[in-house]
Amino acid sequence: MRYYDILKNEKFLSILSSLKNMEEDREFCRHGIEHLLDVARIAYIISLEKGLKIDRDIIYTAALLHDLGRGEEYISGKDHHATGAVMAEEILKEMPYSSEEISMITSAIAAHGQKSEGDDLAGILYAADKLSRICFICPANEKCNWDENKKNHVLRY
């Protein structure tokens, strides 16, 4: 499983460490390894339930890399989806992924904020990202600036 190599990748670990430091005092949802793994697991469950033929390795890879651009968004205000896709591509080019796989993964990362739930990688990544949040019991829910339609109010996975 190639996604294990991401967990050892120096760029990935450095970005994750930097993001952890930036979010240390964050009251709202954080974007650490726990979130990334939650998204991976939920996305895989969704793909199984829908009978999709998306390889688990691709799903986990996309989920692990989907929020890499968060730090840049905090610093410069740049969209974390687009920035994260570029960062993910840099990491993936160091690994044994085909150009088609890299394109599929980075396209899903770039679209994971705008895409509604669908039967492709971007759709399940979008759904899993939202479903991974526990807004229904979050102590900061009242202060959260997310639109109520984006918040997760159910326990599904």
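Just checking, which of 45, 15 is assigned to a helix (DSSP H, G or I) and more than 16 Å from residue 128 (Cβ to Cβ)? Working first, answer last.
On the way: 45 fails: more than 16 Å from residue 128 (Cβ to Cβ).
Sole residue among the options that is assigned to a helix (DSSP H, G or I) and more than 16 Å from residue 128 (Cβ to Cβ): 15.
Can you find a residue in segment 19-35 that is closer than 19 Å to residue 124 by Cα, of a type in the set (A, V, I, L, M) and either open to solvent by 80 Å² or more (accessible area, probe 1.4 Å) or in a helix (DSSP H, G or I) (or both)?
First pass over segment 19-35, keeping only residues closer than 19 Å to residue 124 by Cα: 31, 33-35.
Restricting the remaining residues to those that are of a type in the set (A, V, I, L, M) gives 33.
Now drop any that are not either open to solvent by 80 Å² or more (accessible area, probe 1.4 Å) or in a helix (DSSP H, G or I) (or both), which leaves 33.
The answer is yes; a qualifying residue exists.
Only one residue in 94, 73, 49 is closer than 24 Å to residue 5 by Cα and open to solvent by 10 Å² or more (accessible area, probe 1.4 Å). Which one? Even if it seems obvious, please write down each step before you answer.
Values: 73 fails: closer than 24 Å to residue 5 by Cα; 49 fails: closer than 24 Å to residue 5 by Cα.
The conditions single out 94.
Check whether at least one residue in segment 137-151 is within 16 Å of residue 31 (Cβ to Cβ), in contact with a Ser or Thr (Cβ under 6 Å, 6 or more places away or on another chain) and either basic (Lys, Arg) or open to solvent by less than 40 Å² (accessible area, probe 1.4 Å) (or both), and report yes or no.
no
Which pairs have Cβ atoms under 9 Å, sit 6 or more apart or on different chains, and link a residue in segment 85-112 that is at negative phi to one that is assigned to a helix (DSSP H, G or I) and of a type in the set (Lys, Arg)?
Correct list of pairs: 87/11; 90/11; 91/11; 94/11.
(1) aliphatic (A, V, I, L, M); (2) free of Cβ contacts under 8 Å to residues at least 60 places away in the same chain; (3) closer than 17 Å to residue 53 by Cα: which one isn't true of residue 125, the others all being true?
Tallying (1) aliphatic (A, V, I, L, M); (2) free of Cβ contacts under 8 Å to residues at least 60 places away in the same chain; (3) closer than 17 Å to residue 53 by Cα, residue 125 fails exactly one: (2).
Collect the residues in segment 99-136 that are of a type in the set (D, E, K, R), buried (at least 16 other Cβ atoms within 10 Å of the Cβ), more than 12 Å from the chain's Cα centre (by Cα) and in a helix (DSSP H, G or I), keeping them in residue-number order.
101
The values are calculated or read from the model by the stated rules, or taken from the named source; none is laboratory data. On a predicted model such as this, the values are computed, not experimentally measured, just so you know. For neighbour counting, all protein chains shown are included, and Cβ atoms are generated from backbone atoms with ideal geometry for every residue, glycine included. The protein model used for the area step is the full one, side chains on, heavy atoms only, and it has no ligands, DNA or RNA in it. Shrake-Rupley method; radii C 1.70, N 1.55, O 1.52, S 1.80 Å.
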